[in-house]
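Participant: Have a look at this one.
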Amino acid sequence: MKLATLKNDTRDGALCVVSRDLKLAEIAQGVAPTLQAALDDWSYCAPQLAELYQQLNARPSARAFEVDFARFHSPLPRAYQWADGSAYVSHVELVRKARGAELPKSFWTDPLMYQGGSDAFLGPRDDIPVESEEWGVDLEGEVAVIVDDVPMGVPAKKAGAHVCLVMLVNDVSLRNLIPAELAKGFGFFQSKPSSAFSPVAVTPDELGAAWDGGKVSLPLVVHINDTPFGRPNAGVDMTFEFPKLIAHAAKTRPLGAGTIIGSGTVSNRDASAGSACLAERRMLETIETGAARTPFLKFGDRVRIEMLDADGRSIFGAIDQQVVRYAPPR
């Protein structure tokens, strides 16, 4: 099934089921008011939501309405936890190579992960507000999963059973703020502003053969200003699949229902597939020519991130955002 959150006069919006073709939606009245509420009692709510979804696809009721994703939040407008991994180690290897640093061997066996801000996600069609272009605005196209309650110490072989939903991410990064933050030895904060997620989150069965229980084997299609930028396959070169990432996050603490686990920037060793972030393109240019040529995003630039099924149909709906100047309170 496909689930989304309609904007209303509350922080957390209204839970909706969305038709398979992304054309119609219906508020999940009588099941759960929000997606978080549904995840809190997933075993009870999921079958009822699935029934609504089947009805919407077969015989839409009078309550169904046409979808306009500009009216939708990210599936979870805010979450108790957003933990982003770096599952494509070849991407990290490129970062290191571009600055002449060796990749520690442990990076191939122990996932990188940071805890991002989760109290104010952007909607999939919301602007990306930034105070200064000098901060080095970058997109990061990723895949993410939402889990139910995960016990502390869960092994990877059992962690995959906790995946409830799959969605896409634009994990916005402010590249020029990152070095000074990391130099403090305490991780990202200001350099990682609000992320945005695809309009729709889907249950793994919606992905068919593209989901093998650990990863999504489909290209992530990225456009910048309507120009194709990359389509790396999310199922290729993923060193750490989602069960491993979930187990890593839950090693020393349980994960509450509604926790979001991200894959990190989707990246393929085969550079012909293009990239899912500007930093990777710039790294490749630096390695090849000694200097990066591709600029970071400017005010007015648009980013589109989407994933299509084998028949060319959008699965999650598109993240489609514009970078805009933000004027802070004075």
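Participant: Those residues that are farther than 23 Å from A37 by Cα and among the charged types (D, E, K, R), I need them from segment 142-157; list them, please.
Facilitator: Across segment 142-157, the qualifying residues are E142, K157.
Participant: Condition check: within 24 Å of D110 (Cα to Cα), in contact with a Cys (Cβ under 6 Å, 6 or more places away or on another chain) and at pLDDT 95 or above. Does T265 satisfy that?
Facilitator: Yes; evaluated as a whole, the condition is true for this residue.
Participant: State yes or no: is E280 in contact (Cβ under 8 Å) with a residue 24 or more places away in the chain, among the charged types (D, E, K, R) and open to solvent by less than 60 Å² (accessible area, probe 1.4 Å)?
Facilitator: yes
Participant: Here's a follow-up. Condition first: touching a residue at least 12 places away in the same chain (Cβ under 8 Å), open to solvent by 10 Å² or more (accessible area, probe 1.4 Å) and of a type outside the set (A, V, I, L, M, F, W, C). Now tell me which residues in segment 125-140 satisfy that.
Facilitator: Matches in segment 125-140: R125, D126, D127, P129, E131, E133, E134, E140.
Participant: Say we look at segment 100-137 and pick out the residues that are part of a loop (DSSP other than H, G, I, E, B) and under 23 Å from L284 (Cβ atoms); which of these is modelled with the highest pLDDT?
Facilitator: Of everything passing the filter in segment 100-137, G136 is modelled with the highest pLDDT.
Participant: Please enumerate the residues belonging to segment 288-309 that are open to solvent by 70 Å² or more (accessible area, probe 1.4 Å) and either without any contact (Cβ under 8 Å) to a residue 24 or more places away in the chain or not in a loop (DSSP other than H, G, I, E, B) (or both).
Facilitator: E288, T289, R293, P295, R302, R304
Participant: Right, next: Looking only at residues that are out of contact with any Gly (no Cβ under 7 Å at 6 or more places or on another chain) and among the aromatic types (F, W, Y) in segment 36-78, which one is most open to solvent (accessible area, probe 1.4 Å)?
Facilitator: Among those that are out of contact with any Gly (no Cβ under 7 Å at 6 or more places or on another chain) and among the aromatic types (F, W, Y), it is Y44.
Participant: Which of the residues that make up segment 268-279 are part of a helix (DSSP H, G or I) and within 17 Å of W135 (Cα to Cα)?
Facilitator: L278, A279
Participant: Right, here's the next one. Let me spell it out: the conditions are (1) within 16 Å of I224 (Cβ to Cβ); (2) part of a strand (DSSP E or B), and I261 meets all of them except one. Which number is the exception?
Facilitator: Here I261 meets the rest and fails (1).
Participant: Within segment 229-269, can you find the residues that are within 20 Å of A159 (Cβ to Cβ) and acidic (D, E)?
Facilitator: Passing the criteria: only E241.
The values are calculated or read from the model by the stated rules, or taken from the named source; none is laboratory data. Values in this document were obtained by computation on a predicted structure and should not be read as measured data. Cβ sites come from the backbone with ideal geometry, for glycine too, and all protein chains shown count toward neighbours. All accessible areas refer to the heavy atoms of the entire protein, side chains included, with ligands and DNA or RNA removed. Shrake-Rupley method; radii C 1.70, N 1.55, O 1.52, S 1.80 Å.
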